[in-house]
Amino acid sequence: MTAIAEKPSTGGSLFRRPRATTGPASWFTTVDHKKIGILYFFTAMFFFLVGGLEALLIRIHLAGPNSSVLTYDQYNQLFTMHGLTMIFFVVMPLGSAFMNYLLPLQIGARDVAFPRLNGFSYWVFLAAGIFTYSSLFLGGMPDGGWFGYAPLSLLGGDPIGQTVGTAGAEMSRMIFYSIGLQIAGIASLASAINFIVTTFNMRAPGMTLLRMPVFTWMTLVVAFLLLFALPIIGVALWQLMFDGAFGANFFRPSAGGDPILWQHMFWLFGHPEVYILILPAFGIVSEVLPTFSRKPLFGYTAVVFSGIAIGFMGWGVWAHHMFAVGLGPVANAAFGLTTMFIAVPTGIKIFNWMGTMWGGKLRFPTPMLFAIGLVSLFTIGGLSGVTHGVVPHDYQQTDTYYVVAHFHYVLFGGALMGFFSGAYYWFPKVTGKFMNDKLGKLHFWIFFVGMNLTFGPMHIVGLNGMPRRTATYPEGMGWELMNRIETAGALLLAVGVLVYLYNLATSLRGPKTAGADPWDARTLEWLTSSPPPAHNFDEIPIVQERDEAWFRKYGSTHEGEPEKVPAGASQDHRHEPGQDHAADVPAEAAEPDPAHHEPVGESGGHAAIHMPDPSWYPLIVAAGMPIGGWGVIFDSTILIALGGLVIFGGIAGWVLEPSAEETH
Amino acid sequence: MADVTAATEAHSDAGGTGEHHTSMGLSNNKMGMWALIGSECLFFGALISTYLMYLDRTNGGPGPEIFDIPFTSVSTFILLMSSLSMVLALAAIQEGDMRKFRTWTLGTALLGSTFLAGQFYEFTVFVAEGMKLDTSPFSSAFFVLTSFHGFHVAFGILMLVSLWAMSLSGRVKPVVHAPLVENIGLYWHFVDIVWIVIFTVVYLIPAG
């Protein structure tokens, strides 16, 4: 009966599934959402260092006027890659890291709906990162900005010193951009489908939609945003590639193409993308603040529905990135209005977080500090965002450092603060150990001060007219002092990152003292051990409350104060007939499938829970994609065909691989 | 069989039937396919919008008048008929009649291939008449849109032929694998529906 003992021998040797779930090879074949989450986290951290170094180089260059630390060409490459890296290879994968690790745990599932597709997402994301950065050795990195405005992005050097493509089209470094993002998009699309199906279909008995933790809700909203935004940028990137590599005429004004089309398609993706970046962090603080306030989230439904509202309204504001293009007063006024409206659901969330803290029994460990950091710093960025909605005001700000200040307050002060909050909060769950809280607080305060020093003065120089994306600035504009402060702040941030890395490295070697529920938290993931077993829960929990883990620990006195439930009375004895709750529980939950109970026995019956087998094919299929991409770059049909062959061979192996069901 | 239950719960992408208990009562595979189709709607929507924007930007080259409506009508009809044979293939596997299933599956793939051949022929005619990818924004938009649709048809044919081959080797079994066929059918019908939109918006309205 123990599935692990009697592993199947079906299938030819070519399609035999790898079995090892430990050891180095297991990381390449894993389909365990927790391991994939960890892979995402450390890969994103690596890219965070790369993107941070790029930012440091930019700041050192801009510390003084008429600087010659970098050439203009290097500067263009660095600011482009800084943006691309931070958005597509740091913040999005950090979101994926948390979603992967937490989503199944929070809804009481054993894994995601499509485990191999989940592994595929990670490997494709890594392949996209490697492909994009391979440009460094192939003639230079993309240099046309993360927004890649055509036809500017079609100009520029030929990375490999030859004119390729039909009609003598000039190959540009931005082809690395178009193909690299295309590959990254496939990764995100696969996870989006995976997370949507997981959230809808894999919930534990009793886990209704409005009992789901807010982080799970935000994951769902982000997955839908990805699902509908990625195909649009996908089309635009394909068109850019066809223009650059095969001589098509989508965006060449000289051949009748329309550059504004690129801008519309890019920002129709680009604005939902902003919410793709921030909503996971909103979800994280919505978990952290209630835990450390010892109160349920204030206005749960308002937070959830404002998240959904952001998901919808995010589609109607894209042209505020294009006010200066000249779309006309009607379009500008309309998009100015929608831009101001979208601040409303965001504001609702801010007030709900404050309401959560209000009157709570507050504790201030590191995750709480970062969460409060998000609430305060994001609010500053959000308010400067509303000023962009005032069209005449935006004419003044557009393409200045004011905009840079705005989006660093929402992305650094918002998204990254949230992710660090989550990194400290769930570290005990992932490892069973604690991060050093003193170093964590030091990290927070260095980040908090450094971030305001770096990006605060950008508001001022921006309003004084300092243009962004420009490699240098002349003397005597009154910008020197501010720029020097900004550079000092950036160096301080670098110190903060070092503190974090040191803390991470030492804490990983620390003792396992955390236990299952170190923070006295509220959601399902804290019911299982730290780190959780491969199958997550020995017994799938039956959910009867919104903060299920909390209500298994605490009852309520008549005054509404939490009261500790006696040990042993909490777990599984609450759905006796006659109790009020019984009506809330779906039929199948009231009479749980006996199969769910069977694994829990005195003989440590975990072995009877058969988890999906590891697989090499996600890695193989992913590896084919950059090969094909390099084929386009080198104009080599052989490489393109080889990439296609690897992809299709991998898919064939994937399909023919014996499945868990067939082997029994 | 507790282990099997747990395995199916966590492992529905393994090419199996995907029919088991889920929170929404819809199988994971089918819900995943619907999500993909939702995404594809925006993919083709963006391509079609581009085409409509560039309808009159022909750079003096050929415009919509180049389309051979009777020819494309025939190939459209062929593609639509492939949806019918897809439905018949699904009905056959649901009844467990594998001989019929193989006939209709292969028939669907053949009809799809005929459509692709027609598209290939059409492209060669257009190129011969002076409309290439780089002629104008109009030609770029036309070729990229229709070849992306063609690529989707080709991928569908690949899946159908694989189904046929796997049913010969016994990997695709009667009745149990009907949900798998239904899922591939969903994809196939979607690709057909996209073509109806393309045929109307890209060919009929501008040429008429």
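Quick notes on this one:
- For segment B:158-170, 3J(HN,Hα) computed residue by residue from phi via the Karplus equation (6.51, -1.76, 1.60; θ = phi - 60°) reads 4, 5, 5, 5, 4, 4, 4, 5, 6, 6, 5, 7, x Hz, glycine and proline entered as x.
- Degrees, to the nearest 10: A:92-107 long Cα axis against longest axis of chain A: 20 degrees
- For the Cα trace of segment B:148-193, dividing Rg by the Kirkwood Rh returns an Rg/Rh value of 1.02.
- The calculated P(r) of segment B:98-148, using every Cα pair and 5 Å bins from 0, goes 5, 19, 20, 17, 11, 9, 8, 6, 4, 2 in percent.
- Contact order normalised by residue count of chain A, Cα under 8 Å, 6+ apart, percent: 19 percent
- Cross-link check: pairs A:Lys361/A:Lys433; A:Lys295/A:Lys433; A:Lys295/A:Lys553; A:Lys512/A:Lys553; A:Lys34/A:Lys433; A:Lys438/A:Lys564 evaluated at a Cα-Cα cut-off of 19 Å; pairs beyond the cut-off: A:Lys361/A:Lys433; A:Lys295/A:Lys433; A:Lys512/A:Lys553; A:Lys438/A:Lys564.
- Column: log10 I(q)/I(0), Debye, Cα scatterers of segment A:104-149, q = 0.17, 0.19, 0.32 Å⁻¹: -0.67, -0.72, -1.06
- Sum of -39500 (n - 2.57) over DSSP H runs of 4+, divided by residues of chain A (222 nm, nearest 500): -19500 deg cm²/dmol
- The alpha carbon radius of gyration of segment A:479-564, expressed as a multiple of 2.2 N^0.38 Å, is 1.80.
- Relative contact order of chain B, taken over Cα pairs closer than 8 Å and 6 or more residues apart, is 32 percent.
- Quarter of Cα convex hull surface for segment A:506-547, i.e. mean projection, nm²: 3.7 nm²
- D_trans [Stokes-Einstein, Kirkwood Rh over alpha-carbon pairs] for segment A:370-461, 4 °C, 1.567 mPa s, µm² s⁻¹: 92 µm²/s
- Square roots of 5 times each gyration tensor eigenvalue, C-alpha, chain A, largest first, Å: 42, 32, 22
- As a ratio to 2.2 N^0.38 Å, the alpha-carbon radius of gyration for segment B:37-110 is 1.64.
- Close amide H contacts of A:Tyr554 (hydrogens built in the peptide plane, cut-off under 5 Å, sequence separation of 5 or more or a different chain): A:Val565.
- Residues whose placed amide H lies under 5 Å from that of A:Ala150, excluding near-sequence neighbours: none
- Taking other C-beta atoms within 10 angstrom as a stand-in for reagent exposure, A:Arg468, A:Arg546, A:Arg509, A:Arg19 fall in the order A:Arg509, A:Arg19, A:Arg468, A:Arg546, fewest first.
- Residues with amide H under 5 Å from that of A:Thr400, placed H, sequence gap 5 or more: A:Arg468
- Ascending count of other beta-carbon atoms within 10 Å, so fewest first, for A:Ser121, A:Ser376: A:Ser376, A:Ser121
- For a label point 7 Å along the Cα-to-beta-carbon line of A:Thr71, residues of segment A:109-151 with backbone N under 15 Å: A:136-143
- Remark on chain B: Rg and Dmax equal 19.9, 70 Å (Cα only).
- ³J(HN,Hα), Karplus 6.51/-1.76/1.60, whole Hz, each residue of segment A:331-337, x for Gly, Pro: 4, 4, 5, 4, 6, x, 5
- Hydrodynamic radius by Kirkwood, which averages 1/r over all alpha carbon pairs of segment A:291-412, in angstrom: 15.8 Å
- Phi angles of segment A:644-649 translate, via the Karplus equation with coefficients 6.51, -1.76, 1.60 and θ = phi - 60°, into HN-Hα couplings of x, 5, 4, 4, 6, x Hz per residue; Gly and Pro are given as x.
- The modelled label-to-label distance between A:Thr22 and B:Leu26, using points 7 Å beyond Cα along the C-beta direction, is 4.2 nm.
- Panel values: segment A:201-278, Kirkwood radius from alpha carbon pairs, Stokes-Einstein at 20 °C and 1.002 mPa s, translational diffusion coefficient 145 µm²/s.
- Taking other C-beta atoms within 10 Å as the exposure proxy, A:Thr387, A:Thr398, B:Thr105 rank A:Thr387, A:Thr398, B:Thr105 from fewest upward.
- Projected over every direction and averaged, the convex hull enclosing the alpha-carbon atoms of segment A:244-345 yields 8.9 nm².
- Largest to smallest principal axis extent of the C-alpha atoms in segment A:289-358, angstrom: 51, 17, 13
- For segment B:123-208, the normalised intensity computed at q = 0.21, 0.25 Å⁻¹ comes to -1.00, -1.22 (log10 of I(q)/I(0), Debye sum over alpha carbons, equal scatterers, no solvent).
- Taking 18 Å as the straight-line reach from the Cα of B:Lys100, the lysines in range (excluding those fewer than 8 positions away in the same chain) are B:Lys173.
- Rounded to the nearest 10 degrees, the angle from helix A:480-508 to the longest Cα principal axis of chain A is 30 degrees.
- Centroid-to-centroid separation of segment A:361-426 and segment A:290-308 [C-alpha atoms, Å]: 19 Å
A short reminder: the numbers here are calculations on the coordinates, not readings from a lab. These numbers were taken from a predicted model, which means no experiment stands behind them. FYI the Cβ positions are ideal-geometry reconstructions off the backbone, even for glycines, and counts take in every protein chain you see.
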